[in-house]
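The values are calculated or read from the model by the stated rules, or taken from the named source; none is laboratory data. Not measured: the values here are computed from a predicted model. Using ideal geometry, Cβ is built from the backbone for each residue, glycine included, and neighbour counts are taken over all protein chains shown.
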Amino acid sequence: MAPCRSKPSLSNSLPGEVGPGVPRSRPLTRMLGLLALAAGLLSGCASPVGEPSPTDARTGAYGSSGPSGPTAAPSASSVPAAPPAAAVVLSWSPVDGATGLLYARDAATKGQVLHWLRLDLQDPTLALRLTPPRDRGRPLDQFEGATQALAAVNASFFTSRFEPRGWTLSAGEAWTSILAADDSPWLHCDTRQHCDMQLTPPVPAPPPGGLAVAGTPWLIRDGSPRQASDDNSCNFCKVRHPRTAIGLDASRRFLTVVVVEGRQPGAVGMTLAELAQHLRSQGVAQALNLDGGGSTALLLQGRLVTGRPFNEPGLRPLANALMVSRAAGAAAPRHGKDGSASGADLSSRTERPPSSASASTSASEPSARGSVPPRPLLLNLQMSASTPPQP
């Protein structure tokens, strides 16, 4: 619990109490004053002064907008942070028989549903890419190649014009009109899929070529995960939301993506400190936070495997997405007599993404195929990595 800005003073805050320049009152007035003091001490410090409560959190522009403006977050999202995560033994399965891309779904902890991807960057049969600028403004399932890819996941924070936050490269093509580049940690992978991360602002521009995607803030630096104390002044960070994050192990051979469901019955989301602890428990040594909230979504073999937030049932238009596909010339696995390939079991939680025509939207929400109406940015363009946008 955060300290109150001020506490009632016995000498001068309560009417009728004895203090400098304050006359003595009758016993009844004193009793009422003491009752008021007790009520203030019991209820006046429930939330930090000057910060909105979770139910005041707004979902808006910059990759974080809900279909109906201000929305109430589930009460479960404001519960105290959980203790550091113990390592969960995940049940990994190859995606469509690709042994270099493993998937695991983790619902071992009550109220938490996590989806994990682990990519072997040295597997020559698999290719990682970031969708190009020409595709911006599409829901995840409508990006070119998304339904054919082995996996697709949301990536950059963005404005209402789908301008990404931080340095961004797609197959060597630099995105223009980027925001807060110096303050946004990034992942860069060259054309040979040798990947590196810059996590401490101010960050330099990434090397040319390959892909780069940025986010905010850092989650793990050199094996040290983010702590709750790092987020004392960041409401976005310390309230539970749906999350998407990416990281590398110490050898930089394995790229890990985790997607956390939230704002749903049975899935409350995570704080950034909780997310960092879970990533570290799975061997991740460097990690950063990508766009989350209503943007959070994961497709496996063209199927949506993540549940949607209660306030945003349809897939949200995004600036870009990360995809893992078979490399050019790589052979697909042989299929069995029933036409299926060995791989991740998606039957327990798999659904087709809602079509853009049937998705619930409002007048302020961009349609999947139509024009994008302007929305006010809820972002201070000079903000630091410690104050990211609300999801």
Could you grab the pairs with beta carbons closer than 7 Å, sequence gap of 6+ or different chains, first residue in the stretch 105-129 and under 14 Å from E274 (Cβ atoms), second one among the acidic types (D, E) and modelled with pLDDT of 95 or more?
V113/E261; L114/D106
Out of the residues in the stretch 100-139 that are touching a strand residue (DSSP E or B) at 6+ places or on another chain (Cβ under 8 Å) and hydroxyl-bearing (S, T, Y), state the one that is farthest from R192 (Cα to Cα).
Y103
Among the candidates T200, T147, residue that is in contact with a strand residue (DSSP E or B) (Cβ under 9 Å, 6 or more places away or on another chain), closer than 14 Å to M323 by Cα and part of a loop (DSSP other than H, G, I, E, B):
T147
Hey, T200 hits all of (1) touching a residue at least 24 places away in the same chain (Cβ under 8 Å); (2) out of contact with any Gly (no Cβ under 9 Å at 6 or more places or on another chain); (3) surrounded by fewer than 20 Cβ atoms within 10 Å (Cβ to Cβ) but one; which does it fall short on?
(1)
The number of residues in the stretch 236-262 that are within 12 Å of the chain's Cα centre (by Cα) and in a loop (DSSP other than H, G, I, E, B) is 5
Subset of the stretch 215-267, residues touching a residue at least 60 places away in the same chain (Cβ under 8 Å), among the aliphatic types (A, V, I, L, M) and surrounded by fewer than 18 Cβ atoms within 10 Å (Cβ to Cβ), comes to A228
Could you run through the stretch 129-160 and say how many residues are out of contact with any Gly (no Cβ under 7 Å at 6 or more places or on another chain) and either aromatic (F, W, Y) or within 16 Å of P94 (Cβ to Cβ) (or both)?
4
